[in-house]
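Take a look at the structure set out below.
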Amino acid sequence: MKKTYTKYDVMKNAFLFMCYTGLRQGDCTNLTWGDLPVNSDGEIKINVRTQKAKTNIFFKIRKGASQFLPERKGDADKVFTNLKFSNPVNQNLRNWALKAGVNKHITAHSARHTFAFFMLSENNAPLYTVSKLLGHTNARTTEDSYGHLSNENIEDAMQKAFGE
């Protein structure tokens, strides 16, 4: 989808940013530049208290995500200006996905599923880590929603734990 053109740049960049960070749509909509501090090495961190679960999310934003950030403004300014995932925006999101050849029902929340999929099945991240990154208060929530995506290899785990 990221190679497919849409005239709705804010929607596209926010959606792809959520795919790389796992943010909920509400947290992305309200994200300010103050939530994305830059350290002395130029690394951007995300430091958000989630609206839904009231948990803190703090991690370094990777290049894959930072490429979708617009030009930096003041700390109180929203990152994705005028972003609202309303019905018309969701329809634009679906149309963009169809144009990209994605024939599934896409919503803003699909970005979180994409993030969880890549973390669990493609990168073999531990379920507990993904739970923290998603801002879940209980790892059981992550397990119930995304546990089937875990691609953890039992033989590799046994090898790491006990050797040959």
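The values are calculated or read from the model by the stated rules, or taken from the named source; none is laboratory data. Note that the structure is predicted; figures quoted are calculated from it, not measured. All Cβ positions, glycine included, derive from the backbone under ideal geometry; neighbour counts span all protein chains shown. Note: accessible area is taken over every heavy atom of the protein model, side chains too, but ligands, DNA and RNA are not part of it. Shrake-Rupley method; radii C 1.70, N 1.55, O 1.52, S 1.80 Å.
Taking all protein chains as present, what is the carbon and sulfur share of the accessible area of the range 28-164, in % to the nearest whole number, probe 1.4 Å? Carbon and sulfur atoms account for 48 percent of the accessible area of the range 28-164. Rolling a 1.4 Å probe across the protein heavy atoms gives the range 1-139 an accessible surface of 56 Å² per residue.
Ranking of 15, 118 by solvent-accessible surface, largest first: 118, 15 (1.4 Å probe, protein heavy atoms only, all chains present).
Can you put 19, 28 in order of accessible area, largest first, using a 1.4 Å probe? Numbers along the way, then the final one.
Numbers: 19 20, 28 0 Å².
From most exposed to least exposed: 19, 28.
Using only side-chain charges placed at the Cβ, +1 for Lys and Arg and -1 for Asp and Glu, the dipole size of the range 31-113 relative to its Cα centre rounds to 400 debye. Taking Cα centre as origin and charging only the Cβ of basic (Lys, Arg, +1) and acidic (Asp, Glu, -1) residues, the dipole magnitude of the chain rounds to 780 debye.
Compared with the dominant Cα axis of the chain, that is its longest principal axis, helix 87-99 is turned about 70°. Roughly how much of residue 109 is accessible, in Å² to the nearest 10, using a 1.4 Å probe? Around 90 Å² of this residue is reachable by solvent.
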